[in-house]
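Student: Handing you a structure now.
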Amino acid sequence: MTDDDSLEPSRLRNDGTDLEQSVLDSATEDQPTRAARQAVFSFVLADHRARQQRGLTVGIALSAVAAAAGVALFVYRPAPPPVTLAAEPQVSASSKASPSARPPPPSPSGASAFEPCTPLTVAEGKNPLIDDFEDGDERAPRLEHRTGVWELFNDGTGTQSPKPGMVSPVRIPGGRGASHFALHSAGGKFSKWGSSLSLEFNPRHCYDASAYGGIEFWARGRGEVRVVLKMTQVMAEEFGGSCTHDCYDGHAKRIKLTRDFQHVVVRWEDLKQQGFGAPPRFDARSLDAVDFSVLAEETPFDYWIDDVSFIPR
């Protein structure tokens with residue numbers, strides 16, 4: 001059957017049986033008219049176009065929102081967070097009241113700051129004796145972790161008695177009161193750096209003698225001797241220090257020797273470097289050794305050293 005009512009089969013309409021004509025009439029009645037079909041088509045088409053329009057509108061709207069967000073991000077750039085500078089640490093009233101709690105004083109111009117060294121042994125401040133030599137051997141008494149031995153060194157350009165190496169005390173001619181033994185050395189002319197009598201407080205360790213205020217001893221002889229307190233910062237790395245160049249410029253004080261024994265007291269603040277090496281500020285928390293040395297320009301020499309001890313602060 002076609003869409004046109006005028007094309008209905010005329011045979012069935014005119015010559016069909018009653019049953020055939022009834023079926024034809026029923027089909028004709030059930031078939032939608034052209035107007036109905038057009039109305040349905042128009043509705044479906046309109047709905048389809050509306051859906052397309054809505055989809056386009058939503059797409060445009062989403063694109064617009066995305067573009068607006070991009071513009072907003074481009075235009076609005078949040079400012080970076082403010083930089084907060086840490087306040088300088090304040091010294092409490094209690095630390096100001098206690099000298100031991102105060103930080104070390106600033107280094108002199110050109111001097112490097114104190115650098116703690118390790119491993120460290122600490123003097124408690126109760127046994128100040130370094131050596132009185134009455135035991136007759138080269139080893140210092142084992143007090144407050146002091147374990148070193150007395151040794152002689154020289155630059156090899158002259159003669160010295162005893163020869164370089166460990167040195168033992170000798171008897172003092174006529175004695176010195178209750179003291180009977182001391183260290184003695186004599187030598188000829190030297191042309192490089194001279195000669196040195198040395199005791200490491202605790203070999204290969206830093207020695208903290210800050211419980212004390214200096215050093216004292218008895219001495220006699222001819223010429224000059226320098227008492228030197230060597231920090232680990234001036235000792236070469238190969239001998240347990242941290243110095244890499246211009247080493248061994250220890251803090252020292254020159255002592256003019258006399259014919260008779262004299263009592264010598266040297267406080268930490270009396271010590272000065274010669275000036276040829278690294279200039280760490282002296283700090284008794286970082287000691288390596290005590291030396292009694294003679295510079296080449298002060299040779300020949302002859303000296304006695306007795307009753308070496310730390311002194312109270």
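Student: Of Gln274, Asn127, Phe190, which is farthest along the charge dipole of the stretch 115-312 in the positive direction, counting Lys and Arg as +1 and Asp and Glu as -1 at C-beta?
Tutor: So the residue we want is Phe190.
Student: In Å³ and rounded to a whole number, note down the convex hull volume per residue for the Cα atoms of the stretch 115-312.
Tutor: 110 Å³
Student: Quick one: how many lysine pairs in the stretch 115-312 have C-alpha atoms under 26 angstrom apart, if they're 8 or more apart or on different chains?
Tutor: 20
Student: Okay, next question. With only Lys, Arg, Asp and Glu charged, each at its Cβ (+1 for the first two, -1 for the last two), find how big the charge dipole of the stretch 115-312 is about the Cα centre; round to the nearest 20 debye.
Tutor: 460 debye
Student: Can you tell me the FRET efficiency between Ser179 and Asp270 if r is taken as the Cβ-Cβ distance and R0 is 35 Å, rounded to the nearest 0.05?
Tutor: Here the calculated transfer efficiency is 0.90.
Student: So which chymotrypsin sites (Phe, Trp or Tyr not before Pro) in the stretch 273-313 end up in coil per DSSP with only 13 or fewer other C-beta atoms within 10 Å?
Tutor: Filter output for the stretch 273-313: Phe276.
Student: What is the gain in length, in nm to one decimal, between Asp135 and Thr244 on full extension, counting 0.36 nm per residue of separation less the C-alpha to C-alpha distance?
Tutor: Length gained, Asp135 through Thr244: 35.5 nm.
Student: Separate question: Could you give the length gained by full extension between Ala296 and Lys256, i.e. 0.36 nm per residue of separation minus their alpha carbon distance, to one decimal place?
Tutor: 12.9 nm
No lab work stands behind these numbers, since they all come straight from the coordinates. Small disclaimer: the values here were computed from a predicted structure and weren't measured. For neighbour counting, all protein chains shown are included, and Cβ atoms are generated from backbone atoms with ideal geometry for every residue, glycine included.
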